[in-house]
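Structure first, then comments.
Each reported figure results from applying straightforward, stated rules to the coordinates on display, with no laboratory input. Quick caveat: nothing in here was measured; it's all calculated off a predicted structure. Counting neighbours? That spans all protein chains shown, and the Cβs are built from the backbone with ideal geometry, glycine included.
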Amino acid sequence: MRRILLLVVGVMLLSATAAFAAAVTATGEGPSKEVALATAMRRAVEQGVGTFIKSDTTVIDSALIDDKILSHSKGYVTSYKIIKEEKTADGVNITISATVDNKLIKGDIDALTILRKNAVVGNPRILVAFSNKSKDKIFKDKEFTEEIYNGIVESLTDKQFRVVDKASAEKFSMQQAETHEIDVDLNKAAAYGLKFHAEYTLFYNVSGVVREGAIGKSVLVNVKTQLIDNTRSQVITSKKVEQAGMGQTVEQALEKAAREGGKKIVNPMIDVLQKHWMDMQQNGAMYTIIIDGVDDPEQIARFTEMFEKFPLATGAKEVESGGGKTTFEATYKGKRDQLDRDVIRVAKELGWTMKKIRAEGARSTWKKQ
């Protein structure tokens, strides 16, 4: 029985792998073996591309396919075997059996399709977290801070924004409180937000005053927020609002002020958030890539040329080189992890082995080994 089960699982895994990796046969010709092999790989990839753009819903200009997909043909071929090689009057003819990464091809074609339609796929996802730095214990009360949280989340979800679940947000707030740091560590906040696929982190912090009245209590609550772009580890806006509350007890006054204060703080940020999100989707963001071990002009030019041909890259340039290092700037429409993936893809196509040494916000440092 166990043997049968293992066999079934093995067949399922093979089927899943086959869905993403296709074995194809292709022939290429050229004045040299290298050119003929490159042509054969390109034609192998063309077969995979053809599979995904035959549907009526996927219409992409052939020049765009040529520039952004087929220019990276070598990167889509995971393995190949030359099954026939012959000399001709014009050079060399080569036939290969190649395994093509259809999953990678489909991902790049999907990216091109979205970019071509200039589409923004929904609103971003936001991590809402309490920055537990208030000196007054009354403004750190769990019920009070939860009411502010609920007000913020209610306002965001009413505006069709997606929010990371409350338990995950609370866990991060507790981690921040334990550090005893005065300011939020932007890199930690961004990394935690990205862990839950959140494009932004909204940190809120509370202070205020309590007043004794003749017939009750009143409070004036100050809610401060920072909105962090998790992809670049940068604060894109900071806002502050005041909200009053009254009640027979301090708890009642705080409860009334908390939820309304939470709702109120969202409105000043929405325009900035939506503009930033739209700009990121349409134009991309600027990233800095430092590669240690590369300063040869020819290698620099090849890296730049190949990187900017990826679907999510809109431009790349060398800004500084020397001493065995080169600094590049790239405009990129994807997330930081997608950019890292494409850096590694270029390195593989160039025959390099790369290791990421450090990453902070929009800046990453790599070592060519």
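Based on the reciprocal of the average 1/r between different C-alpha atoms, the Kirkwood radius for the range 284-368 equals 12.4 Å.
For the peptides 78-91, 32-45, 236-249, the ranking by packing is 32-45, 236-249, 78-91, with the highest mean count of neighbouring Cβ atoms within 10 Å listed first.
Output the Kirkwood hydrodynamic radius of the range 188-231, Cα pairs only, in Å rounded to one decimal.
Value: 12.7 Å, from the Cα pair sum.
Placing unit charges on the Cβ atoms only, positive for Lys and Arg and negative for Asp and Glu, gives the range 125-282 a dipole magnitude near 140 debye about its Cα centre. Annotation: amide H-H contacts under 5 Å for GLY30 (H modelled 1.01 Å from N, sequence separation of 5 or more, or interchain): ALA36, VAL92. Once the other residues with Cβ under 9 Å from the Cβ of GLU143 are scored (Lys, Arg +1; Asp, Glu -1), what is the net sum? Net of charged neighbours comes to -4.
Stretched out straight at 0.36 nm per residue, the stretch from ASP66 to ASP295 would grow longer than its current Cα-Cα span by 79.6 nm. Based on C-alpha pairs under 8 angstrom that are at least 6 apart in sequence, the range 125-282 has a relative contact order of 26 percent. A 22 angstrom limit on the alpha carbon distance is what I want to check against. Which of LYS317/LYS368; LYS166/LYS264; LYS224/LYS333; LYS171/LYS355; LYS195/LYS335 exceed it? Violating the 22 Å limit, Cα to Cα: LYS224/LYS333; LYS171/LYS355. The 3J(HN,Hα) values that the Karplus relation (6.51, -1.76, 1.60; θ = phi - 60°) gives for the range 270-277 are, in residue order, 4, 4, 5, 4, 5, 5, 5, 5 Hz. Gly and Pro appear as x.
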